Amino acid sequence: MSPPEGTTTPPVPVPDVFDPRLYAAGVPHERYRVLRDHHPVAWQEEPGLLGWPAGPGFWAVTRHADVVRVLKDAATFSSYLGATQIRDPDPDDLPFIRRMMLNQDPPGHGRLRRLVSRAFTPKRVARFEARARERARVLLAGGVERARAGDGTFDVVTAVTDDYALLNLADLLGVPPDDRGLLLHWTRRVIGYQDPDEAAETAQGAEAAPSARGLGGATAPVNPRSPAMLRDMFDYARTLAAYKRDHPADDILTTLATDAELTTAEREMFFFLLTVAGNDTVRSAAPGGLLALAESPREYERLRHGTVGLATAVDELLRVHPPVLSFRRTAARDTELAGVRVAAGDKVVVFHASAHHDERVFADPHRLDLARSPNPQVAFGEGPHVCPGAHFARLQLRVCYEEVARALPVLRLAAPPRRLVSHFINGLKSLRLEVPA
């Protein structure tokens, strides 16, 4: 029904999608829908929250077409100017953060990408499939066994997917077995900093770890990207690189350690990027995909019976539960986006989960359809910053879902999932499943 002649429809308020606490209750899809329909490029305030200082605000980009444009147009929307997290880095830390490939623009980004791509050879990735499959089977069998000896449930995050992602990455990188727990410690420190539980736990862990003493109090917010917070990681990276030069092996860290084109600082930043992004991509996506399957029993049956292809299934599960919720760019010049004037220097933040549920691109976007095709999801990015390890991540996810389908004839939740407090990572802290008797 149209409003009476001479009247106007009141403007639709702009919902907040910045507050990390929103995401502990689930991805705010209804808020995203309001933004897509009425404010596809919307100004968001950036108040001080969870002990973190206020920021200047940013443009939230929520429609698929606009998200893709921002990700592809590095000349207009820079990763280098202000890095790629919503919160502005400390000015003194910005030169340090810009060393990372993720926070560079072409042509410098292209040089680093070519160097790291040498390490992610298809042959090296492919030979990990058998090892990943055996690891998934062993971890699942252990979880099921403990469930049957206990209350009939197990937490697939702590029993399976955390270790699965971590150990696969450690194998590919070539991290010694005794040091592999450090990778999870560093990942949780960097990724979980907005979550009070995770931040307290990782800070306490830092105090307890000999290599990480003196990194701050147990509960005070700390910038996980600062040189001070990463010192122990970089000390380890230098030590491991020296070891790899003396004891070369068929792994990524040997390739990076012996590449004469890389500086020490670039090696350290690659170690940081591969440790955190390489681990948490699968660590977040795998349980998120299992949650989606548990909530869609018919689709899980199609997966179990092989009536849908694994490649399309993995893409659809990444669409429904992308591991990364948002990425930030900075406008390098005055521009216009979806009819909105964006000034040079403004922060522009794309929201992947919103783009993945844009009705303009995806029919019935809130329905899981493991055979969905085409499926232009952007879980691994778009344009120059497409994840160089995407093939390795897809392999791990495919194997994980295949082995879960083999081990569990029914995928049933035993409790609501516990989600990470974060507007950056779409993480699950716990996903408890029932095990049939």
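The values are calculated or read from the model by the stated rules, or taken from the named source; none is laboratory data. Since this is a predicted model, take the numbers as computed values, not measurements. Cβ placement follows ideal geometry from the backbone for every residue including glycine, while neighbour counts extend to all protein chains displayed. We work out accessible area using only protein heavy atoms, side chains counted, and drop any ligands, DNA or RNA first. Shrake-Rupley method; radii C 1.70, N 1.55, O 1.52, S 1.80 Å.
Based on the Cβ-Cβ distance of residue 333 and residue 148, what FRET efficiency does E = 1/(1 + (r/R0)^6) give at R0 = 51 Å, to the nearest 0.05? Could you put the intermediate results ahead of the total?
Details: r = 61 Å, r/R0 = 1.20.
It comes to 0.25.
On average, how much accessible surface per residue is there in the range 223-367, in Å², for a 1.4 Å probe, leaving out ligands, DNA and RNA? Provide the component values of the computation, followed by the final result.
On the way: 5330 Å² over 145 residues.
Accessible area per residue: 37 Å².
Would you list which lysines come within 29 Å of residue 123, measuring only between C-alpha atoms, while excluding same-chain residues fewer than 8 positions from it?
Those lysines meeting the cut-off are 72, 244.
Using the Cα centre of the range 331-437 as the reference point, and only Cβ charges (+1 on K/R, -1 on D/E), how large is the resulting charge dipole? Debye, rounded to the nearest 20. Numbers along the way, then the final one.
Working: 14 positive and 11 negative charges, 85 e Å.
Its charge dipole is roughly 400 debye.
Evaluate the distance, in nm, between pseudo-label points positioned 7 Å from the Cα of residue 129 and of residue 263 along their respective Cα→Cβ axes.
Using points 7 Å along Cα→Cβ, the separation is 4.0 nm.
Under 14 Å from the Cβ of residue 320, count the other residues' Cβ atoms, weight Lys and Arg +1, Asp and Glu -1, and hand me the total.
Numbers: positive: 319, 367, 372; negative: 295, 299, 315, 316, 358, 364, 369.
Computed value for this residue: -4.
Report the accessible area of residue 101, computed with a 1.4 Å probe over the heavy atoms of all protein chains in place, in Å² rounded to the nearest 10.
10
What's the extension gain from residue 386 to residue 113 if we count 0.36 nm per residue and subtract their Cα-Cα distance?
Values: separation 273, 0.36 × 273 = 98.28 nm, distance 0.99 nm.
Full extension of this stretch gives 97.3 nm more.
What do you reckon, how do 29, 356 stack up by accessible area (1.4 Å probe), largest on top?
Details: 29 50, 356 0 Å².
Largest accessible area first, the residues go 29, 356.
Round to a whole angstrom and tell me the spacing of the C-alpha centers of the range 270-294 and the range 329-362.
25
Ignoring ligands, DNA and RNA, what percent of the accessible area of the chain is carbon or sulfur (1.4 Å)? Walk me through the numbers before you get to the answer.
Values: 9880 of 18180 Å².
So the carbon and sulfur contribution to the accessible surface is 54 percent.
What is the spin-label model distance, in nm, from residue 359 to residue 301 if the labels are put 7 Å beyond Cα along the C-beta direction?
So the two model labels end up 2.9 nm from each other.
At residue 311 and residue 243, where each label point lies 7 Å from the Cα along Cα→Cβ, what is the point-to-point distance in nanometres?
About 3.8 nm separates the two model spin labels.
Per residue of the chain, what 222 nm ellipticity follows from adding -39500 (n - 2.57) for every DSSP H run with n ≥ 4, rounded to the nearest 500? Numbers along the way, then the final one.
On the way: 16 runs with 194 residues, N = 437.
After summing the helix terms and dividing by the residues of the chain, the value is -14000 deg cm²/dmol.
Tally the DSSP beta bridges in the chain and give the antiparallel ones as a percent, rounded to 5.
Values: 23 of 26 bridges.
Close to 90 percent.
Residue 429: which aspartates and glutamates have alpha carbons under 19 Å from its alpha carbon, excluding same-chain residues fewer than 8 sequence positions away?
19, 155, 162, 163, 195, 197, 198, 201, 280, 295
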